[in-house]
1. Can you tell me the FRET efficiency between Val21 and Asn121 if r is taken as the Cβ-Cβ distance and R0 is 35 Å, rounded to the nearest 0.05?
2. I'd like the carbon and sulfur percentage of the solvent accessible area for the chain, probe radius 1.4 Å, heavy atoms only, ligands and nucleic acids excluded.
3. Per DSSP helix of 4 or more residues, -39500 (n - 2.57); summed, then divided by the residues of the chain. What does that give at 222 nm, rounded to the nearest 500?
4. Which whole-Hz couplings ³J(HN,Hα) result when phi for each residue of the range 45-60 is put into the Karplus expression 6.51 cos²θ - 1.76 cosθ + 1.60, θ = phi - 60°, listed in order with x for Gly and Pro?
5. Dividing the Cα radius of gyration by the Kirkwood radius, what Rg/Rh value follows for the chain?
6. How big is D, in µm² s⁻¹, for the range 1-71 by Stokes-Einstein at 20 °C and 1.002 mPa s if Rh is the Kirkwood radius over C-alpha pairs?
7. Taking all protein chains together and a probe of 1.4 Å, list Ile37, Ile58 from the most accessible to the least accessible.
8. Could you please report the charge total around Glu27, scoring K, R as +1 and D, E as -1 over all other residues with beta-carbon less than 13 angstrom from its beta-carbon?
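The values are calculated or read from the model by the stated rules, or taken from the named source; none is laboratory data. Because the structure is a prediction, the values reported are computed rather than measured. Here the Cβ positions follow ideal geometry from the backbone for every residue, glycine too, while neighbour counts run over all protein chains shown. Heavy atoms of the whole protein, side chains included, go into the accessibility calculation; ligands, DNA and RNA do not. Shrake-Rupley method; radii C 1.70, N 1.55, O 1.52, S 1.80 Å.
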Amino acid sequence: MKPVNIGILGLGTVGCGTVSVLARNAEEITRRAGREIRVKQAAARNLKKKRDCATKDIALTDDANKVVTNPDVGVVVELTVCFDIPRLFVFKAIQHFKHVVTANKPLIAAHCHDIFSAAQN
């Protein structure tokens with residue numbers, strides 16, 4: 001079965017934590033999901049910054065649009081600390097038929113109805 005390719009927006013503390021947990025538990029996640037879950041691409045503002053996670057096998061970009069429009073990415077995980085800009089990327093990901101996961105509570109609180117409506121269409 002084909003792997004699930006993930007694109008991550010934000011490689012700060014939470015983004016790197018997510019990358020590390022997925023790598024550390026890859027075997028068990030694959031067993032439970034029935035297929036490999038892999039981080040294919042990630043966007044970060046500063047590509048020169050030292051990361052607290054392994055990014056060797058991840059295509060890095062400073063352009064989040066490249067992640068949300070990448071045809072090889074099936075799930076976009078939004079893990080930024082911003083508010084308005086991530087909203088645009090979430091909607092764009094939905095428009096490109098991606099599943100979206102976010103830990104951005106203010107974004108969901110302010111725009112949940114619009115996001116859920118867009119996802120249902």
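1. Numbers: r = 32 Å, r/R0 = 0.91.
The value I calculate is 0.65.
2. Numbers: 4230 of 7770 Å².
C and S atoms contribute 54 percent here.
3. Numbers: 5 runs with 53 residues, N = 121.
The helix-only estimate for the chain comes to -13000 deg cm²/dmol at 222 nm.
4. Once rounded to whole Hz, the list reads 5, 10, 6, 8, 5, 5, 9, 8, 8, 7, 10, 4, 9, 10, 6, 9.
5. Working: Rg = 14.0 Å, Rh = 14.6 Å.
When Rh is taken as the Kirkwood radius, the ratio is 0.96.
6. Working: Rh = 12.5 Å.
For these conditions, the coefficient is 171 µm²/s.
7. Ranking Ile37, Ile58 by accessible area, largest first, yields Ile37, Ile58.
8. Numbers: positive: Arg24, Arg31, Arg32, Arg35, Arg38; negative: Glu28, Glu36.
Result for the neighbourhood of Glu27: +3.
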